[in-house]
Amino acid sequence: MKTKKKSCSIVLALTALALFLILVSSVASAYGVQSVSPTITEAQITANRSASCPAINGDKIVYQDSRNGTSDIYMHDLFTSKETQITTKGSVWGHPSIYGDRIVWQDTRNGNFDIYMYNIPTKKEIRITTNESAHNPAIYGDRIVWENRRNESSDVYMYDLSTSKKTQITTSGSNELAYNPTIFDDRIVWQNYRNGKWDIYIYDLSTSKKTQITNSGSATYPAIYSDRVVWIDSLNETTDIYMYNLLTSKKTQITTSGSAYSPVIDGDRIIYQDSLNGNPDIYMYNLSTKKETQVTTSGSAYSPVIDADRIVYQDYRNGNSDIYMNIISEEETKVSIANFSSNATEGYAPHNVQITNLSQNATARNSDFDDGVNSTEQNQTQIYSSTGTPTDIQTVSNANGTDSKLATINVSEQPVPLHPVADFGSNLVSGYAPLDVQFTDLSQNATAWNWDFGDGATSTEQNPNHTYLSAGTYLVNLIVSNVNETASKNAMITVLADSSSSGGSSSGGSSGVGSPEPATNVEVKEISQAFIKSGNSVKFDFPRNATSVVYVSFDSKKTAGKTTTIVEMLKEKSTLVSGLPSDEVYKSLNVWVGNGGYATSNNIENAVVCFKVEKSWIQDQKIDKSSITLNRYSDGKWNPLSTKPSGEDDAYLYFTAKTQGFSPFAITGKAKEKEAVTELQSKPNIQGIEQNNIAANVKQASAQKGNTSTPGFEIIYGIIGLLGVFLYRER
């Protein structure tokens, strides 16, 4: 069984979304020496024109689909030809992965990037991470790996479903990043950024050893199968596929086109995307025959994945994005391939391990359990009574040869039970309502936290933040637990009556994936991501046109890595401001860039917001186009920004505005002044005109007599009226 490589990350970074899948009937997997060119059969899996990022395992294909305007995970069963919608929140952010009956993906439903898992038989969804900025998950067996982006760094983590244990695999410093992890058996590979260079690393869970695979400084997007690791290397400003054999420590260059991307590997087959003929297609390289085969000819195929003889990819043919699958049928000499899995690779003595045979093309097998026990059964249960690291060697054979695989089991003594000790602190114990309190967990040996804030609100976060809205004395209770027992602690929070303090705003932006604005006041929001590197210009585009903001750009003074910007279109004025600007308000917006405190003058400069205004609003409200302004709320007041027009189309006028930071904004305009209209009557009835003018002037002068203190004001009005009659006669 294979894990999906994060090939979708490359396509999202290098091209627009362009995806197609292909369905065909299954054929048996076989590896060995190929004797003739393969036969390729193509079929289309989806037809909704919105599918991307496929993954496959066995008869199940999963993918991301935005057919309803939001992104969700779907699954296609090749055996039943049935499609199933897995998620309904509309908050999937790509990268699904599948192994057996488990699907994992990254999701933003709670405002942060987190990893979720779905069990197909039980139809149960599990949240793996909590507010960790987790990205790019992959699954193999009971293990899930992902990258965690926090505190301006990125590290690889693993979660074991059999033990419910999370493990940090890498510990990156301020100048080091770990991205795009994937896993096969006991091995985790990822790309590592250190001192301005990208290289591939591997971590062996059975030996707890980390090894650097490459030293070119330009290696990215690895994939692994058994003892073979493949990746992209951008040497000499070209991109080609390379492979490293962990058994022989030998590196091999697979392609020489200079335009290859998205490698994945399964057995002797390496699948990748290549623009060899000027357009992207899927290619296959067979390691046993050293032969390259072009799999697709559409010129619009991306993000390949493979399981046995099935190659799945996204195709952008006809301008639409769908999933396709190709079946590879090759005449070959089948050799036996040893492979097996266990339900647990570590445990406490006596350790009961279920061994499942996954070998291929075998007619005979033998398992040596390193304790004098041998078995020829296909699947067996082994009990390890003593502590240590026993090995399991499985040997399989057929008429064409023999193959072996070795695995190590770690058996340790039962640990002394650890009892949890509840303890916590807070930044405030009293203050005026609304009182915002940050609680900090100080407990020991705890794995779960349950907070009761005393006002009816609760939380299961380790270090929650809570706002008390009403005056009173509140008893805060924390209950912590682990597998052994629970413990608790209480503390008091005193909230005084509202001190009527004035509102304000932050000039430093918000969390990269959150917002202080209540969700009830957000009409719609759009998210954009970009990699921020010191000394570079950064631009966040918002192509969905969900809000009035087209893009946000600035020059970076400090490296922040991959960063998220959120634009929120508000229903009413922002709850973070005390009022609105005096002019006509078109839209109220919030713009948050990066982690809290990043978007300041210390880190960015030359910041620009490009926004658009509907022409229909300008016409209906009789707005002077030259008065349209972007206003920013900072230092407790609205500040108009320097705003210039930048273009227009049939529906919108476009503007750019320079800003010193990001916070609540308001787009405003001023109504045009009413034009004075003078209406002249026709020349006949001159006498009537004279009389009317004189009468009107006298009446007006009389009416204004009580309203002016200027001497002779009535005389001036009379003279003006007579002068008007004289001039009219002279015409």
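The residues of the range 108-150 that are charged (D, E, K, R), crowded, with 18+ Cβ neighbours inside 10 Å and over 18 Å from the mean Cα position of the chain (by Cα), listed by number, are D142, R143. Under the condition of being assigned to a strand (DSSP E or B), of a type in the set (V, I, T) and farther than 22 Å from I282 by Cα, the residues counted in the range 41-78 number 1. Answer yes or no: is there a residue in the range 151-159 that is surrounded by 21 or more Cβ atoms within 10 Å (Cβ to Cβ) and in contact (Cβ under 8 Å) with a residue 60 or more places away in the chain. So far as the range 151-159 goes, yes, one or more of its residues are surrounded by 21 or more Cβ atoms within 10 Å (Cβ to Cβ) and in contact (Cβ under 8 Å) with a residue 60 or more places away in the chain. Restricting attention to the range 252-269, which residues are within 29 Å of the chain's Cα centre (by Cα) and at pLDDT 95 or above? Once the filter is applied, which keeps residues that are within 29 Å of the chain's Cα centre (by Cα) and at pLDDT 95 or above, the range 252-269 yields P263, V264, I265, D266.
Look through the range 93-106, keep the residues that are surrounded by 23 or more Cβ atoms within 10 Å (Cβ to Cβ) and more than 13 Å from L161 (Cβ to Cβ), and return whichever of them is modelled with the lowest pLDDT.
Filtering the range 93-106 for residues surrounded by 23 or more Cβ atoms within 10 Å (Cβ to Cβ) gives 95-99, 103-106.
Filter once more, so that each one left must be more than 13 Å from L161 (Cβ to Cβ): 95-98, 105-106.
Details: H95: 77, P96: 93, S97: 96, I98: 97, W105: 93, Q106: 93.
Checking each candidate, the answer is H95.
When restricted to residues that are in a strand (DSSP E or B) and surrounded by fewer than 17 Cβ atoms within 10 Å (Cβ to Cβ), the range 530-541 contains 4.
Residue check: is K562 part of a strand (DSSP E or B), over 28 Å from E147 (Cα atoms) and basic (K, R)? For K562, the condition - part of a strand (DSSP E or B), over 28 Å from E147 (Cα atoms) and basic (K, R) - is not met.
Exposed (fewer than 14 other Cβ atoms within 10 Å of the Cβ), touching a residue at least 40 places away in the same chain (Cβ under 8 Å) and under 25 Å from P516 (Cα atoms): which single residue out of S588, S574, S601 fits that description? I'd like the intermediate steps shown before the answer.
Working: S588 fails: exposed (fewer than 14 other Cβ atoms within 10 Å of the Cβ); S574 fails: exposed (fewer than 14 other Cβ atoms within 10 Å of the Cβ).
Going through S588, S574, S601 in turn, just one is exposed (fewer than 14 other Cβ atoms within 10 Å of the Cβ), touching a residue at least 40 places away in the same chain (Cβ under 8 Å) and under 25 Å from P516 (Cα atoms): S601.
Just one of (1) buried (at least 20 other Cβ atoms within 10 Å of the Cβ); (2) closer than 30 Å to D160 by Cβ fails for I323. It is (2).
Return yes or no: is N477 more than 22 Å from R127 (Cα to Cα), out of contact with any helix residue (DSSP H, G or I) (no Cβ under 6 Å at 6 or more places or on another chain), not assigned by TED's automatic domain parsing to the domain that holds L576 and not charged (D, E, K, R)? Here the answer is yes, as N477 does meet what is asked. The residues in the range 371-420 that are of a type in the set (V, I, T), over 25 Å from Y348 (Cα atoms) and touching a strand residue (DSSP E or B) at 6+ places or on another chain (Cβ under 6 Å) can be counted, and the count is 3. The set of residues in the range 513-529 that are modelled with pLDDT of 90 or more and of a type in the set (A, V, I, L, M, F, W, C) comprises V522, V524. Within the range 171-198, which residues are farther than 25 Å from S342 by Cα and surrounded by 15 or more Cβ atoms within 10 Å (Cβ to Cβ)? Selection gives S172, E176, L177, A178, Y179, N180, Q191, N192, Y193, R194, W198.
So which residues in the range 423-444 are part of a loop (DSSP other than H, G, I, E, B) and at pLDDT 95 or above? Those that are part of a loop (DSSP other than H, G, I, E, B) and at pLDDT 95 or above: D423, L442, S443. Summed over the range 59-77, the residues that are surrounded by 14 or more Cβ atoms within 10 Å (Cβ to Cβ) and without any contact (Cβ under 8 Å) to a residue 60 or more places away in the chain give a count of 11. Considering (1) over 22 Å from the mean Cα position of the chain (by Cα); (2) surrounded by 14 or more Cβ atoms within 10 Å (Cβ to Cβ), the lone condition that N606 does not fulfil carries the number (2). Filtering the range 607-625 to residues that are among the hydrophobic types (A, V, I, L, M, F, W, C) and in a helix (DSSP H, G or I) leaves W617, I618.
Quick check on this structure: which one of K587, K644, K637, K622 is modelled with pLDDT of 90 or more, assigned by TED's automatic domain parsing to the domain that holds K558 and on the phi > 0 side of the Ramachandran plot?
Working: K587 fails: on the phi > 0 side of the Ramachandran plot; K644 fails: on the phi > 0 side of the Ramachandran plot; K637 fails: on the phi > 0 side of the Ramachandran plot.
Step by step, each of K587, K644, K637, K622 is checked, and only K622 is modelled with pLDDT of 90 or more, assigned by TED's automatic domain parsing to the domain that holds K558 and on the phi > 0 side of the Ramachandran plot.
Say whether the condition of being more than 30 Å from T473 (Cβ to Cβ) and without any contact (Cβ under 8 Å) to a residue 60 or more places away in the chain is met by at least one residue in the range 421-436. Within the range 421-436, not a single residue is more than 30 Å from T473 (Cβ to Cβ) and without any contact (Cβ under 8 Å) to a residue 60 or more places away in the chain. Whether a residue is over 41 Å from the mean Cα position of the chain (by Cα), more than 20 Å from V264 (Cα to Cα) and either outside the structural domain of T297 (by TED's automatic domain parsing) or buried (at least 21 other Cβ atoms within 10 Å of the Cβ) (or both) was assessed, and A362 passes this test. Here S262 does not qualify as assigned to a loop (DSSP other than H, G, I, E, B), in contact (Cβ under 8 Å) with a residue 12 or more places away in the chain and under 25 Å from D155 (Cβ atoms).
Here P38 fulfils each of the conditions (1) more than 19 Å from A223 (Cα to Cα); (2) modelled with pLDDT of 85 or more apart from (2).
Can you tell me how many residues within the range 331-346 are within 27 Å of S97 (Cα to Cα) and of a type outside the set (A, V, I, L, M)?
Total meeting the criteria: 7.
Restricting attention to the range 258-269, and to residues there that are farther than 24 Å from K334 by Cα and touching a Ser or Thr at 6+ places or on another chain (Cβ under 7 Å), which single residue is surrounded by the most Cβ atoms within 10 Å (Cβ to Cβ)?
Going through the range 258-269, the residues farther than 24 Å from K334 by Cα turn out to be 258-263.
Narrowing the set further to residues that are touching a Ser or Thr at 6+ places or on another chain (Cβ under 7 Å) leaves 258-262.
On the way: G258: 15, S259: 15, A260: 24, Y261: 25, S262: 27.
Looking at residues that are farther than 24 Å from K334 by Cα and touching a Ser or Thr at 6+ places or on another chain (Cβ under 7 Å), I get S262.
Checked against (1) part of a strand (DSSP E or B); (2) over 40 Å from the mean Cα position of the chain (by Cα); (3) buried (at least 20 other Cβ atoms within 10 Å of the Cβ), I306 passes all but condition (2). Just one of (1) within 27 Å of R187 (Cα to Cα); (2) in contact with a Lys or Arg (Cβ under 9 Å, 6 or more places away or on another chain); (3) of a type outside the set (K, R) fails for T402. It is (2). Quickly run through the range 115-147 and pick out the residues that are over 24 Å from I224 (Cβ atoms) and either among the β-branched types (V, I, T) or not assigned by TED's automatic domain parsing to the domain that holds I98 (or both). Listed by number, the residues that qualify are I120, T122, I126, T130.
In the range 88-110, the residues that are farther than 23 Å from P304 by Cβ form Cβ pairs under 7 Å with partners that are hydrophobic (A, V, I, L, M, F, W, C) and assigned to a strand (DSSP E or B), at six or more places apart or across chains, as follows: D107/V92. Elements of the type strands (runs of 3 or more DSSP E) sitting completely within the range 341-406 and holding at least 1 residues that are more than 25 Å from D227 (Cβ to Cβ): these cover 346-348, 351-357, 380-384.
The rows are residues; the columns are (1) under 24 Å from K405 (Cβ atoms); (2) free of Cβ contacts under 8 Å to residues at least 24 places away in the same chain; (3) surrounded by fewer than 23 Cβ atoms within 10 Å (Cβ to Cβ).
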{"site": "I200", "(1), (2), (3)": "yes, no, no"}
{"site": "T211", "(1), (2), (3)": "yes, yes, yes"}
{"site": "L247", "(1), (2), (3)": "yes, yes, yes"}
{"site": "T256", "(1), (2), (3)": "no, yes, yes"}
{"site": "I271", "(1), (2), (3)": "yes, no, no"}
{"site": "P280", "(1), (2), (3)": "no, no, no"}
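The values are calculated or read from the model by the stated rules, or taken from the named source; none is laboratory data. Small disclaimer: the values here were computed from a predicted structure and weren't measured. Cβ sites come from the backbone with ideal geometry, for glycine too, and all protein chains shown count toward neighbours.
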